[in-house]
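Engineer: Quick one: structure below, then a few questions.
The values are calculated or read from the model by the stated rules, or taken from the named source; none is laboratory data. Predicted model, so just to flag it, every value in this text is computed and none were measured. Positions of Cβ are generated from backbone atoms using ideal geometry, with glycine treated the same way; all protein chains shown enter the neighbour counts.
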Amino acid sequence: MKKIVYALMATVTGLVLLFSYRTSLTPEPAGALADAPSSGVAAVPKAPTSTPSPSASAPAPPGSTSSGSTSSGSSAAAPQTSSSGLADGTYTGQAVNTRYGPVQVRVTVSSGEITDVEVPQYPSESGRDQQINSRALPVLVTETVRAQSAEVDMVSGATYTSTGYRTSLQSALDQARA
């Protein structure tokens, strides 16, 4: 009986040690996650963008789906559409539910080009979510501005966020083409 108790204790100890072992994780700088938001709605660092003209659209208030802007000096009723087929304005894609939380993308189109991308909603409940998305979202935003479409590569280690991002981005771009 005594041997069984020792065997069980050794097994439990081994399992606890095995599951508490942390693999090689790159340490985060002290202030990296201190400024990260704790709510599900937050701004993401923006990709470098071109400076919009004074006639560029203003950001849409939260909850709105799209807003068109008018070009200065031309008709005041219709948004400007370019050869890319994107009308100027700010368009908010649908919120896409992922395994870890919703992802939503807002794009700003100026002169027919994507000039700004924001991610007002993304998974950020746990520290791990914040760590993954603080690395993945700036990459996705930069790639979107560079590609000028929803055809961006997924970020390794952020598969669910990348999938939700691309789906919401496509929804916003569909609104810009409508």
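Engineer: Out of all the residues in region 147-166, is one or more over 14 Å from the mean Cα position of the chain (by Cα), of a type in the set (G, A, S), crowded, with 21+ Cβ neighbours inside 10 Å and over 16 Å from G93 (Cα atoms)?
Structural biologist: Scanning region 147-166, I find no residue that is over 14 Å from the mean Cα position of the chain (by Cα), of a type in the set (G, A, S), crowded, with 21+ Cβ neighbours inside 10 Å and over 16 Å from G93 (Cα atoms), so the answer is no.
Engineer: Which of the following residues is of a type outside the set (K, R) and within 20 Å of Q175 (Cα to Cα): A158, A136, A150? Show your work before the answer.
Structural biologist: On the way: A158 fails: within 20 Å of Q175 (Cα to Cα); A136 fails: within 20 Å of Q175 (Cα to Cα).
Residue meeting the stated conditions: A150.
For every residue, the table says whether it meets (1) more than 17 Å from T142 (Cα to Cα); (2) assigned to a strand (DSSP E or B); (3) within 22 Å of the chain's Cα centre (by Cα); (4) modelled with pLDDT of 50 or more.
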residue	(1), (2), (3), (4)
S67	yes, yes, yes, no
S72	yes, no, no, no
A76	yes, no, no, no
Y91	yes, yes, yes, yes
V117	no, yes, yes, yes
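Engineer: Would you tally the residues in region 134-146 being in contact with a helix residue (DSSP H, G or I) (Cβ under 6 Å, 6 or more places away or on another chain) and farther than 21 Å from T90 by Cα?
Structural biologist: The total comes to 1.
Engineer: Against the definition (out of contact with any Asp or Glu (no Cβ under 6 Å at 6 or more places or on another chain) and crowded, with 23+ Cβ neighbours inside 10 Å), how does I132 come out, yes or no? Even if it seems obvious, please write down each step before you answer.
Structural biologist: Details: out of contact with any Asp or Glu (no Cβ under 6 Å at 6 or more places or on another chain): yes; crowded, with 23+ Cβ neighbours inside 10 Å: no.
Answer is no for this residue.
Engineer: Select, from G89, G127, G93, G101, the only residue that is surrounded by fewer than 19 Cβ atoms within 10 Å (Cβ to Cβ), in contact (Cβ under 8 Å) with a residue 40 or more places away in the chain and not charged (D, E, K, R). Explain how you work it out, then say what you get.
Structural biologist: Numbers: G89 fails: surrounded by fewer than 19 Cβ atoms within 10 Å (Cβ to Cβ); G93 fails: surrounded by fewer than 19 Cβ atoms within 10 Å (Cβ to Cβ); G101 fails: surrounded by fewer than 19 Cβ atoms within 10 Å (Cβ to Cβ).
Being surrounded by fewer than 19 Cβ atoms within 10 Å (Cβ to Cβ), in contact (Cβ under 8 Å) with a residue 40 or more places away in the chain and not charged (D, E, K, R) holds for just one of G89, G127, G93, G101, which is G127.
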